[in-house]
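*Asks:* Handing you a structure now.
The values are calculated or read from the model by the stated rules, or taken from the named source; none is laboratory data. Predicted, not measured: the structure shown is a model, and the values here were computed from it. Protein only, heavy atoms only, side chains kept; ligands, DNA and RNA dropped before computing areas. Shrake-Rupley method; radii C 1.70, N 1.55, O 1.52, S 1.80 Å.
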Amino acid sequence: NSMSLGARLYVGVMVGLGTAVLAVGAMHPSSHQPMKFLCYLLVAVAASRLKVNLPGITGTMSVNFLFILLGILELSFAETLALGCAAILTQSFYRDRPNAVQVVFNTCATAFAIGLAYCVFHVPLFKSQNNPAVLLVATAAMYFAANTLPVATIISLTEHKSLRRIWADCYFWSFPYYLVGAGVAGLVTVGIIVARAVN
């Protein structure tokens, strides 16, 4: 109730964009390997309650992004959305539970970020570059920007603070950890490919 008009409009826009992404995923459900999806989903939900303290970053960081990147590499769009949103919703059961508006905003913002990152990795224009390492870094960079900027923006609007300062203090220095996560996701994918070839 204390949010400014600008903050309310911004929340409305992000909820609208996230809902549109979720609708696209719902209209194109697909699961080529249901057991793999179920395993990824269970691990992601379990890990979503883990928060790690990282040097140089204010506050803690969730490890969700690692499983979302794995989903982008290994799962369908609908499955990756389901995995990411389930992990975000699981976080709502923390002791400092967010209110309904925060839950909806975070879920929709995550869906929007997944949609953009998934496009970077799977759109033919980017895949035609035929450089998996660059493609993976670009995907991680897109997810980082699309995942952190909306949260920093709503904090800026509600607390009347500088967006640049909030993003720099709380999120910018987490970018290297997203790149590390991209590397881990890439190694896992390579390991899966090698295991399939051996078998």
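*Asks:* Being more than 16 Å from the chain's Cα centre (by Cα), modelled with pLDDT of 85 or more and under 23 Å from Tyr118 (Cα atoms), is that true of even one residue in segment 42-51?
*Replies:* Yes, the conditions are met somewhere in segment 42-51.
*Asks:* Right, here's the next one. If you go through segment 52-62 one residue at a time, do you hit one that is open to solvent by less than 70 Å² (accessible area, probe 1.4 Å), modelled with pLDDT of 80 or more and within 20 Å of Val104 (Cα to Cα)?
*Replies:* Looking through segment 52-62, none of the residues is open to solvent by less than 70 Å² (accessible area, probe 1.4 Å), modelled with pLDDT of 80 or more and within 20 Å of Val104 (Cα to Cα).
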